[in-house]
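The values are calculated or read from the model by the stated rules, or taken from the named source; none is laboratory data. On a predicted model such as this, the values are computed, not experimentally measured, just so you know. With ideal geometry, Cβ positions are generated from the backbone for all residues, glycine too; neighbour counts draw on all protein chains shown. SASA here: full protein model, heavy atoms, side chains in, ligands and nucleic acids out. Shrake-Rupley method; radii C 1.70, N 1.55, O 1.52, S 1.80 Å.
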Amino acid sequence: MLTRVLHLSDLHFGARDDEAIALGVPVLIDRIQPELVIASGDLSHRGRDGQLAASARFLRSFGRPVLAIPGNHDIPHSFPARFSHPFRAFERQWETTEPTYSSPTLHVIGLNSVRPWRHQSGGIGNGQLERAAERLRQGAPDAFQVVVLHHHLIGAPWRSRKKPVARRNHVLGSLVAAGADLILAGHSHQAAVS
């Protein structure tokens, strides 16, 4: 069974020209006709309520299901909120930082790779990997299995100071062994397929 997803990342609502995003994405939605829109983090620029709300309104405006996970820019940049309740504003919009979307053709799980004590790099813990394996097993037998996280696992094709997820070989191997057919990430602001 054929299905399509649209993967968006690093929209950074509130940083610069939100209008360019607002003009470009509807064209992609119309052309691709995705079953699901996947937003792999950095939906806002500074993790502010208004920025996260604007990005959520925008992503939901297409009448398609949306699976959204946080990026390192989706948490507060100020102390103590960054450490005391880093995902509160994100969860107000999206309910969880590790969502699941499931249909007969597609099973997508989101993993939260953001670590408040790290500005750029992220991580996926062993507990998250164990839960990811269980969540992947819950998909329909013939569904295409997708895992989404913000921090990339493979180096960007051009130079970048963006740090990949910690223990990336271990994380990648664990997700593939658990049944992931495709792993999507953002963070590097560069398109790459590996």
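How big is the antiparallel share of DSSP beta bridges in region 94-194, given as a percent to the nearest 5? Present the calculation step by step, with values, prior to reporting the outcome.
Numbers: 3 of 12 bridges.
Just about 25 percent of them are antiparallel.
Nothing charged except the Cβ atoms of Lys and Arg (+1) and of Asp and Glu (-1): what's the magnitude of the dipole of the chain about its Cα centre? Round to the nearest 20 debye.
Numbers: 22 positive and 16 negative charges, 130 e Å.
Here the size comes out at about 620 debye.
Positive end of the charge dipole of the chain (Lys, Arg +1 and Asp, Glu -1 on Cβ, about the Cα centre): tell me which of Leu67, Trp117, Gln93 has its Cα farthest that way.
The listed residue farthest towards the positive side: Trp117.
Region 49-143: which GluC sites (Glu not before Pro) are DSSP loop and have at most 16 other beta-carbon atoms within 10 angstrom?
Working: sites: Glu91, Glu95, Glu130, Glu134; in loops: Glu95.
Answer in residue order: Glu95.
Report for the chain the percent antiparallel among DSSP-assigned beta bridges with both residues inside it, nearest 5. Show your work: numbers first, answer last.
On the way: 3 of 21 bridges.
Once the DSSP bridges in the chain are tallied, antiparallel ones form about 15 percent.
What accessible area per residue, rounded to a whole number of Å², is obtained for the chain using a probe radius of 1.4 Å?
Details: 9760 Å² over 194 residues.
The answer is 50 Å² per residue.
Please sort through the DSSP H helices of the chain and keep those with an alpha-carbon extent of at least 15 Å along the long axis and a Kyte-Doolittle average not below -0.5. Display every interim value, and only then the final one.
Values: long enough: 18-32 (21 Å, 1.07); 49-60 (16 Å, -0.12); 126-137 (17 Å, -1.39).
Correct list, ordered by number: 18-32, 49-60.
Helix-only mean residue ellipticity at 222 nm, the chain, DSSP H runs n ≥ 4 weighted -39,500 (n - 2.57), per residue, nearest 500. What is it? Don't jump to the answer; show the numbers that get you there.
Working: 6 runs with 60 residues, N = 194.
Result for the chain, helices only: -9000 deg cm²/dmol.
Give me the percent of the accessible area of region 50-150 that comes from carbon and sulfur atoms, probe 1.4 Å, all protein chains in place. Intermediate values should be presented prior to the final figure.
Working: 2300 of 4420 Å².
About 52 percent, which is the carbon plus sulfur part of the accessible surface.
Taking the convex hull of the Cα atoms, report for the chain its projected area averaged over all directions, in nm².
Details: hull surface 42.9 nm².
It is 10.7 nm².
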